[in-house]
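K.L.:
I have a structure I would like to understand better, so I am pasting it below and will then ask my questions one at a time.
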Amino acid sequence: MKQPSDQQLSLWAEKISRSDKASFDQLFRSLYPLLMRFAMRYTRDRAAAKDVTQDCFVKLWQRRDKIDPEKSLKSFLYTMVRNRALNMIRDLSNITVDDELVSDISEDVNMQDETESAEETQLDSLMQEWISNLPERQKEAFELSRFEGLNHEEIAQVMDITPKTVNNHIVAALNHLRDHYDNYVKQNQR
């Protein structure tokens, strides 16, 4: 499903604040997959990510009368998911990887190997490694921007920093990745 526009999200926020179940359902259906994937980055467990995401939607519905349609509902939900996932990790401190997730990742890797050249697969793996080695805040800002599609203001709300700091984190991450990529290209030209 296509990501909803800011105008659509504002309209849903307004309607949900007035207890419109149909708008809540539309919001849930459009953002649930994105928020679930986002929660997975923290929990590394499919069931835990589902619980986190569902809990956040339940809380949103319970507090619907406090929704401000002028503020970003998307960044509010991302913040809720992030905080809930971090709290769950802190409380449980021993989340195990879901066997189904490992199986899904293995299938994805096998399909990738069949369709991509060895060099592209190697570069993809290196890029994932380079991203995972970024400082934690840079990585979070970069992933929210590039993988989750949030803008600087929304990321700032999720991370509780200024949009300028978000920009600084993303620029630093891109410079870091560009340096690694340039070195990779130089090594493979020999």
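K.L.:
Pairs only if they're at least six apart or on different chains, beta carbon under 7 angstrom, first in the stretch 11-37 and closer than 19 Å to GLU70 by Cβ, second assigned to a loop (DSSP other than H, G, I, E, B); list them, first residue then second.
P.N.:
ALA13/ILE67; ALA13/PRO69; GLU14/PRO69; ILE16/ILE67; SER17/ILE67; SER17/PRO69
K.L.:
With ASN175, ASN110 as the choices, which residue is loosely packed, with under 13 Cβ neighbours inside 10 Å, at pLDDT below 85 and not assigned by TED's automatic domain parsing to the domain that holds TYR42? Spell out the reasoning first.
P.N.:
Values: ASN175 fails: at pLDDT below 85.
When all the criteria are applied, what remains is ASN110.
K.L.:
GLN187 versus (1) surrounded by 11 or more Cβ atoms within 10 Å (Cβ to Cβ); (2) modelled with pLDDT under 90; (3) part of a helix (DSSP H, G or I); (4) of a type outside the set (Asp, Glu): which is the lone unmet condition?
P.N.:
(1)
Quick grid of which residues meet (1) within 28 Å of LEU77 (Cα to Cα); (2) at pLDDT below 85; (3) surrounded by 13 or more Cβ atoms within 10 Å (Cβ to Cβ):
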site: GLU114; (1), (2), (3): no, yes, no
site: GLN122; (1), (2), (3): no, yes, yes
site: LYS139; (1), (2), (3): yes, no, yes
site: ILE161; (1), (2), (3): yes, no, yes
site: VAL166; (1), (2), (3): yes, no, yes
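K.L.:
Which one is nearest to the chain's Cα centre (by Cα), of the residues in the stretch 33-65 that are of a type outside the set (Asp, Glu) and not in a helix (DSSP H, G or I)? Reasoning before the result, please.
P.N.:
Looking only at the stretch 33-65, we keep the residues that are of a type outside the set (Asp, Glu), and these are 33-44, 46-50, 52-54, 56-64.
Subsequent filtering for residues that are not in a helix (DSSP H, G or I) retains 44, 63.
Working: ARG44: 12, ARG63: 23 Å.
Looking at residues that are of a type outside the set (Asp, Glu) and not in a helix (DSSP H, G or I), I get ARG44.
The values are calculated or read from the model by the stated rules, or taken from the named source; none is laboratory data. Just so it is clear, the model here is predicted, and its values are computed rather than measured. All Cβ positions, even for glycine, are placed from backbone atoms using ideal geometry, and neighbour counts span all protein chains on display.
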